[in-house]
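Bear in mind that the values in this text are calculations on the coordinates, not laboratory data. This one's a predicted model, so the numbers in the text were calculated from it and none came from an experiment. Here the Cβ positions follow ideal geometry from the backbone for every residue, glycine too, while neighbour counts run over all protein chains shown.
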Amino acid sequence: QFIKGDKVGALDSYRKGITGSFNFVNSYYSASGMGDDAPISLLEMEAYAKSTEVAQDESELTLSDIMGQKYVALWPWGAIETWSDLRKHHYDFTIFTQYHAITNLMYGDYAYRLRPRYYSEFSWNRLELERWGGLDSDYGVKKIWFATDDN
């Protein structure tokens, strides 16, 4: 919605995502047997929603706001998805403002792939890995398909 220019819809989805994340944490807490009292109270949710951590209207909503809240919501449950977002946006620190850039990068870029390891194609199908560059020392920084300029 945000990228398509529907800022009103994007703000609504953004707010629903924040609320949904809180509700998930509270329901997970109860379902896990850790207790029936929600760890995040309704008052705490409302205070957070009104804080400077949350965009208050569509004119101030940014992609950085959206991705930051998505990171907070997904980190404990979907860390691979957060890495996908980082790669999709090419580790853009104007979007991921809460991150600090690393200056001593191996091969001059951030990781886009995990290099095949033992007990995988690395052991059983090295000819195929060699065919598409899976054995190259810089394989880890080669852009994955969804992070290329074509996508």
Listed residues 134, 108, 68; largest mean-square fluctuation, Gaussian network over the chain with Cα springs below 10 Å, found at 108
Take the chain, connect every pair of alpha-carbon atoms lying under 10 Å apart with a spring to form a Gaussian network, then pick out the residue of 129, 61, 11 with the largest mean-square fluctuation. 129
Full-extension gain in nm, residue 93 to residue 113, via 0.36 nm per residue minus C-alpha separation: 5.3 nm
Positive end of the charge dipole of the chain (Lys, Arg +1 and Asp, Glu -1 on Cβ, about the Cα centre): tell me which of 100, 19, 144 has its Cα farthest that way. 144
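Show me the trypsin sites (Lys or Arg not before Pro) within region 18-124 that DSSP assigns to loop and that have at most 12 other Cβ atoms within 10 Å of their Cβ.
Details: sites: 50, 70, 87, 88, 113, 117; in loops: 50, 113, 117.
Here the sparse-neighbourhood loop sites are 50, 117.
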Size of charge dipole - region 4-73 - debye, nearest 20, with Cβ of Lys, Arg +1 and Asp, Glu -1, no other charges: 240
Taking the Cα centre of region 104-151 as origin, work out the dipole magnitude from +1 charges on Lys and Arg Cβ and -1 charges on Asp and Glu Cβ, in debye rounded to 20. 180
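Run the numbers on the chain and let me know its relative contact order in percent, using alpha-carbon pairs under 8 Å that are six or more apart.
On the way: 106 pairs, mean separation 24.3, N = 151.
Reported as a whole number, the value is 16 percent.
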Would you work out the charge dipole size for the chain about its Cα centre, treating the Cβ of every Lys and Arg as +1 and the Cβ of every Asp and Glu as -1, and quote it to the nearest 20 debye? 500
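If you take the Cα Rg of the chain and divide it by 2.2 N^0.38 Å, with N the number of residues, what do you get? Before the final figure, lay out the partial values.
Numbers: Rg = 19.8 Å, N = 151, 2.2 N^0.38 = 14.8 Å.
Ratio of Rg to 2.2 N^0.38 Å for the chain: 1.34.
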